[in-house]
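Bear in mind these aren't lab numbers, they're just calculated from the coordinates by the rules spelled out. Computed from a predicted model, the values in this text were never measured in an experiment. Note that we place each Cβ from the backbone using ideal geometry, even for glycine, and neighbour counts take in every protein chain shown.
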Amino acid sequence: MRVALLVTHIRAEEKLILAAFNKREISPDIILDRELNIEITQGAGQLAPSGIAWREYDLIFERCVSTSRGMYALAILNSWGVQTFNTYETAAACSDKLRTSVALMKHNIPQPHTRVAFTPESAMQAIEDVKYPAVLKPVTGSWGRLLARVHNRDSAEAILEHRQTLGDYNHHTYYVQEYVDKPGRDIRAFVVGDRTIAAIYRESNHWITNTARGGLATNCLVTDALDDICVRAAQAVGGGILAVDLLEDAGGDFVVNEINHTMEFRNSSKPTGVDIAQEVIDFVIGQIGVVA
Amino acid sequence: MSSGSPLCPECEGEVDIPSDAMENELVSCPECGTELEIMNLDPMELELAPEVEEDWGE
């Protein structure tokens, strides 16, 4: 069986994934997204940078840190019939918070109250509609970048003016959410297919709890209720291998905050005791019909 | 420098390379903290890792 890992570069997660493949006696080719140069109409018979025709691969596992490179590569590969994890459909739904919100809404998955506006004036109204404090997020982006908790009209005006003046058009889509007064933590749950294999609390004194921003990871018990909402959320965006981020609201109920399609997990296997990379790879292998 | 460790292209500090290092793996300089990419294993060649772009993430 022939597998390739499509990457921007090799991080801790990719090394864990390669080791998990190796444990099943599979040695994936590494394909760098910086080396892609694809003739779209030529199809999967053309050679990948590895020197192997794309159609020869049983699976391309997309692990690009560059969201746009990964997503467009998936769009092309899936259109040629090349099997990938995740799919373009899933990546497209997850890479844009607004599209994620729409998918969650269509499947009746609880999420924070969310509004969208396209001008500073209507965005101001949206912020006041959700009430202060409100959260303003870029629709694309990760690692907690450029999130703003807005406490009053003065800060709202300043942030909106900065976004409108300094940001490109992506920043002119104003995605506004209620601030969920969570208990100093959020939850990241790892969904593989139709199972939530592990979850962590991400604790922080800062309202942004991403581990990339210093949030501390501890084990979170995967209850039936947590598993249910996570699996439904994952399926809402097309399913696959996903990290579902949730908040606990004042009543202790879960709301889905976002879903990540190229999840980082280097800090999560130790506190959960789950070999996340191996779970992922064994699932992937099973999906392409090879018994591990 | 006598240990044979490669030097950071930013600060010329010695960079520890893991025994299972791979080409295109990211490593950090322990002296200046700069993120580096292993461009070649033999001979060892380090370059500054690309700057984080706006669409980078999970």
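Select from the stretch A:34-81 the residues that are within 14 Å of chain B (Cβ to nearest Cβ) and of a type in the set (D, E, K, R) and list them in ascending order.
Result: A:ARG34, A:GLU35, A:GLU62, A:ARG63, A:ARG69.
Among the residues of the stretch A:53-104, which ones are within 12 Å of the chain's Cα centre (by Cα) and assigned to a loop (DSSP other than H, G, I, E, B)?
A:CYS64, A:VAL65, A:ASN86, A:SER95, A:ASP96
Restricting the search to the stretch A:147-159, which residues are out of contact with any Phe, Trp or Tyr (no Cβ under 7 Å at 6 or more places or on another chain) and surrounded by 14 or more Cβ atoms within 10 Å (Cβ to Cβ)?
A:LEU147, A:ALA148, A:SER155, A:ALA156, A:GLU157, A:ILE159
Taking A:VAL191, is it in contact (Cβ under 8 Å) with a residue 40 or more places away in the chain and touching a strand residue (DSSP E or B) at 6+ places or on another chain (Cβ under 8 Å)? Before you say what the answer is, go through the steps one by one.
Working: in contact (Cβ under 8 Å) with a residue 40 or more places away in the chain: yes; touching a strand residue (DSSP E or B) at 6+ places or on another chain (Cβ under 8 Å): yes.
Criteria met by A:VAL191.
In the list A:ILE60, A:ILE109, A:ILE52, which residue meets the criterion of being buried (at least 22 other Cβ atoms within 10 Å of the Cβ), touching a Lys or Arg at 6+ places or on another chain (Cβ under 8 Å) and of a type outside the set (D, E, K, R)?
Exactly one residue qualifies, and that residue is A:ILE109.
Quick check on my filter: what residues within the stretch A:60-98 are closer than 20 Å to A:THR173 by Cα and in contact (Cβ under 8 Å) with a residue 40 or more places away in the chain?
Residues satisfying the conditions are A:THR67, A:ALA91, A:ALA93, A:CYS94, A:SER95, A:ASP96, A:LYS97, A:LEU98.
Filter the stretch A:237-292 down to residues that are among the small types (Gly, Ala, Ser), touching a residue at least 24 places away in the same chain (Cβ under 8 Å) and in a loop (DSSP other than H, G, I, E, B) and give me whichever is farthest from A:ARG69 (Cα to Cα).
So the residue we want is A:ALA250.
Residue by residue through the stretch A:213-232, note down the ones that are closer than 23 Å to A:LEU104 by Cβ and surrounded by 14 or more Cβ atoms within 10 Å (Cβ to Cβ).
Within the stretch A:213-232, A:GLY215, A:CYS220, A:VAL222, A:LEU226, A:ASP227, A:ILE229, A:CYS230, A:VAL231, A:ARG232 qualify.
Considering each of A:GLU121, A:GLU203 in turn, give the residue that is within 15 Å of A:LEU246 (Cβ to Cβ) and without any contact (Cβ under 8 Å) to a residue 24 or more places away in the chain. Walk me through how you get there before you give the answer.
Numbers: A:GLU121 fails: within 15 Å of A:LEU246 (Cβ to Cβ).
Matching residue, one of A:GLU121, A:GLU203: A:GLU203.
If you scan the stretch B:14-31, which residues turn out to be crowded, with 17+ Cβ neighbours inside 10 Å and outside any strand (DSSP E or B)?
Passing the criteria: B:VAL15, B:ILE17, B:ASN24, B:CYS29.
List every residue pair whose Cβ atoms sit under 6 Å apart, with the two residues 6 or more apart in sequence or on different chains, where the first one lies in the stretch B:34-58 and is in contact (Cβ under 8 Å) with a residue 40 or more places away in the chain and the second, anywhere, is outside any loop (DSSP other than H, G, I, E, B) and not basic (Lys, Arg).
Listed pairs, sorted by first residue: B:LEU46/B:LEU36.
I want to confirm something. Restricting to the stretch B:32-51 and keeping residues that are part of a loop (DSSP other than H, G, I, E, B) and surrounded by 14 or more Cβ atoms within 10 Å (Cβ to Cβ), which single residue is farthest from the other protein chains (Cβ to nearest Cβ)?
B:THR34
If you check A:LEU5 against the conditions, is it assigned to a strand (DSSP E or B), surrounded by fewer than 22 Cβ atoms within 10 Å (Cβ to Cβ) and within 14 Å of another protein chain (Cβ to nearest Cβ)?
yes
Any residue at all in the stretch A:174-189 that is part of a loop (DSSP other than H, G, I, E, B) and within 21 Å of A:GLY141 (Cα to Cα)?
Looking through the stretch A:174-189, at least one residue is part of a loop (DSSP other than H, G, I, E, B) and within 21 Å of A:GLY141 (Cα to Cα).
Considering only residues that are in contact with a helix residue (DSSP H, G or I) (Cβ under 7 Å, 6 or more places away or on another chain), within 11 Å of A:VAL176 (Cα to Cα) and of a type outside the set (Lys, Arg), which ones fall in the stretch A:119-147?
Selection gives A:ALA123, A:MET124, A:ILE127, A:ALA134, A:LEU136, A:PRO138, A:VAL139.
Do we find a residue being farther than 24 Å from B:GLU58 by Cβ and not hydroxyl-bearing (Ser, Thr, Tyr) anywhere in the stretch A:4-20?
No, the stretch A:4-20 contains no residue that is farther than 24 Å from B:GLU58 by Cβ and not hydroxyl-bearing (Ser, Thr, Tyr).
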